[in-house]
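The values are calculated or read from the model by the stated rules, or taken from the named source; none is laboratory data. Only a predicted model underlies this, so the values are computations on that prediction, with no experimental measurement involved. Don't worry about glycine lacking a Cβ; one is built from the backbone with ideal geometry, like all the others, and counts go over all protein chains shown. When the accessible area is computed, the model is the full protein with side chains, heavy atoms only, and any ligands, DNA or RNA have been set aside. Shrake-Rupley method; radii C 1.70, N 1.55, O 1.52, S 1.80 Å.
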Amino acid sequence: MQSAAHDQEVENQALFEPLRPVRPRNPAKASQAREAFLIQARQLTAESSQVAAVSISPFTRLKECIETLMKPVQRRERAPVLTTLSTLIVIATLIFGGAGATAYAAGQSLPDETLYQMKLFGEDLRLRFTYQEQARLEVVLTYANRRMEEIANMLASGKAAPEPTLTRLQAHMEYALRLAAQMEGEAALQQVRLQLQHQLRLLEEWQNGYPEQAGLLLRLRERLTEQLRLCELGLEDPLQLQNQLRLRQQDGAGPNEAPPQGNEQAPSPGPKGPAPDPNGGSLGPGPNPEPGSGHGAGPGECNECEPPQDGTGTGPGPNPDPGGNGDGPGECNDCQPPQDGTGSVPGPNPDPGDSHPANLPAGETHHDAPIPEGSGPTTGGSFDPGK
Amino acid sequence: MDHAQALLQGARRFDEESLVEVYDCYSAGLYRYALRLLGNEDLAEECVAETFQRLLLALKAGRGPQRAIKPYLFRVAHNWMTDFYRNKTPVEVALSAEVSDQGLGDPPGKLAASHESVRLRDALAQLTGEQRQVLVLRYLEEWDTDEIAEALAKSPGAVKALQHRALGSLRRLLKEE
């Protein structure tokens, strides 16, 4: 038995022999790359030193201001009044405050904290009273930044990235995209594009730094990537973007969008009219939709994989061999259900309208997916991966 | 604290000596890994450069590897390569690939070996990202199961199951040739 396993292992090793020899690295290129790395590290170190010398953050300034205002009250009054007053100040600041310092100050409240719902309420109110399109765009993008900060803080605290927050972030960007699509000129779309690119870079970092959250972050990343694609489409062909957005709305694409109320057609480019209703109308729901239900893939449940026969599975199957364990259907650490809604188990907040690369086999995610057919390195011979 | 942990702590503090040691320690292995999968030296260099750049940016932002640097680096490199193939057209990828020279003396022998490596690389390309990663790390980079589990953020048992399925798929693909 041991000999058979050993022989099998030798055979497996032999399978990879063609790729074992590797041409040594070019010393000049290796040296250049090392030098470039060092230069970059030094630059980043220098930047960090400069940032440390800059004045304290806007949030810290505001917090100190509130604490200073509260000091005389604190001497006489106890916590309840202080709490009520500071809460009122926060709400007023959220509703009537501008972007910049106030927005970042409000961003300190996290999804698992008491004030968070108030914060969202304040955000909705503020957007409702913002009429000019560019200003609305700025506000929504600010909210998207806040969502990113909230997620970053949750992850850094060892907590899970809350799915409603991820959904909200996607809704903000969807809303921003639709706003930008109906504004004249390219500047708005470019603004949205820059933000999406920055978010995607951060998401990738988080996926690498917090692998236990990779599944959720990956799904968000895929959706933001789609929004980025639409953004870039809009920069090339604004009419095409309008059509795509209209189709997305009709298909119910994007996170939990309510059916458009009133005018079901996406606004055509032309003279600006009154600001659309942020909670409905042609731009769909407001930027803080409640996560709804839907059908599609969720993580962790999979009927796609078969347990290995050699007892190397990770958990008990339905009829585990007393001599070992195997993966049973429904328990799988290795694959993710497909993102196109064809998975066998409904997920918490899936997006039913997402397109999906047609060549992704069941159970594969973006980074699990095989490289598209014919795209591997090839000398152009007769190899046909499709056979 | 063992040396690897001390190195990680130093890197997180952006200590230059630690960062240099990290680079010197892992860049060669990363390059080899990337070259085996990409088949192109320039792309492999780009992958390594991008991977270390992302490490620096993540460390600067207070993120990056929390427990070990090596699995983190290989994970980033793996993701870069997957994104690379996803964003390029098949024509661009074919043009950018070149057959690795295996240093054989006779042209027919060299051609045969080249064809085998292309065939194997193409078959690996058709596996899922995780399957490809586990096989390359196991049989080419000669990592043990625990190291691979760390890189893939899976349990050792799951890695063995993945490895088993990946080998089956790879053999099937090579047989179909």
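Taking both sides together, what accessible area is buried at the A/B interface, probe 1.4 Å, expressed in Å² and rounded to the nearest 100?
Using a 1.4 Å probe on protein heavy atoms, the buried area is about 6900 Å².
Could you tell me what percent of the accessible area of the range A:124-188 is made up of carbon and sulfur, with a 1.4 Å probe and every protein chain present?
Details: 1090 of 2080 Å².
Of all accessible area on the range A:124-188, carbon and sulfur atoms account for 53 percent.
Using a 7 Å offset from the Cα along the Cα-to-Cβ direction at both residue A:26 and residue B:4, what is the distance between the two label points in nm, to one decimal?
Output for this residue pair reads 3.3 nm.
Summarise the partner chain shielding of B:74-82 as one whole number: the mean count of Cβ atoms from other chains within 10 Å of each residue's Cβ.
The per-residue average across the peptide is 3.
For the range A:130-184, which chymotrypsin sites (Phe, Trp or Tyr not before Pro) are both in a DSSP coil and crowded by at most 14 other Cβ atoms within 10 Å?
The qualifying sites are A:131.
Taking the C-alpha atoms of the range A:129-188, how large are the radius of gyration and the largest Cα-Cα span, Dmax, in Å?
Radius of gyration, then largest Cα-Cα span, for the range A:129-188: 13.5, 43 Å.
To the nearest whole number, what is the average tally of beta carbon atoms from other chains within 10 Å of the beta carbons of peptide B:148-157?
That works out to 3 on average.
With N set to the number of residues, divide the alpha-carbon radius of gyration of the range B:1-79 by 2.2 N^0.38 Å and report two decimals.
Numbers: Rg = 12.3 Å, N = 79, 2.2 N^0.38 = 11.6 Å.
That ratio works out to 1.06.
Evaluate the distance, in nm, between pseudo-label points positioned 7 Å from the Cα of residue B:68 and of residue A:229 along their respective Cα→Cβ axes.
Result for the modelled spin labels: 3.6 nm.
Compute the length gained on full extension between residue A:39 and residue A:6: take 0.36 nm times their separation in residues and subtract their Cα-Cα distance, giving the result in nm to one decimal. Show your work: numbers first, answer last.
Details: separation 33, 0.36 × 33 = 11.88 nm, distance 4.78 nm.
Net length gain for the segment: 7.1 nm.
What ranking of A:165, A:142 comes out by heavy-atom accessible area, probe 1.4 Å, highest first?
The ordering from most to least exposed comes out as A:142, A:165.
Per residue of B:55-62, how many C-beta atoms from partner chains lie within 10 Å of its own C-beta, taken as a mean?
Rounded to a whole number, the mean comes out at 5.
Which of the GluC sites (Glu not before Pro) across the range A:110-177 are loop residues per DSSP, with 14 or fewer other Cβ within 10 Å? Mind showing how you got there, number by number?
Details: sites: A:113, A:123, A:133, A:138, A:149, A:150, A:174; in loops: A:113.
Answer in residue order: A:113.
Averaged per residue, what accessible area in Å² does the range A:1-46 show with a 1.4 Å probe, protein chains only?
On a per-residue basis, the range A:1-46 sits at 65 Å².
Taking a 1.4 Å probe, which of B:160, B:175, A:29 shows the most accessible area, and what order do the others take after it?
Sorted descending by solvent-accessible area, the residues read B:175, B:160, A:29.
A 26 angstrom limit on the alpha carbon distance is what I want to check against. Which of A:159/B:70; B:70/B:160; A:119/B:154 exceed it? Mind showing how you got there, number by number?
Numbers: A:159/B:70 24 Å; B:70/B:160 20 Å; A:119/B:154 37 Å.
Pairs exceeding the cut-off: A:119/B:154.
Set the Förster radius R0 to 51 Å, insert the Cβ-Cβ distance between residue A:135 and residue B:146 as r into 1/(1 + (r/R0)^6), and round the FRET efficiency to 0.05. Could you put the intermediate results ahead of the total?
Details: r = 54 Å, r/R0 = 1.07.
That gives a FRET efficiency of 0.40.
Taking the C-alpha atoms of the range B:116-156, how large are the radius of gyration and the largest Cα-Cα span, Dmax, in Å?
Rg, Dmax (Cα atoms, Å): 10.9, 33.
What spacing in nm lies between the two simple spin-label points modelled at residue B:24 and residue B:171, each 7 Å away from Cα in the Cβ direction?
So the label points at residue B:24 and residue B:171 sit 4.4 nm apart.
Given a Förster distance of 45 Å, report the FRET efficiency between residue A:113 and residue A:237 from their Cβ-Cβ distance, rounded to the nearest 0.05.
0.55
Mind ranking A:16-23, A:157-164, A:208-215, B:126-133 by how tightly packed they are, going by the mean number of other C-beta atoms within 10 angstrom, highest first?
B:126-133, A:208-215, A:16-23, A:157-164
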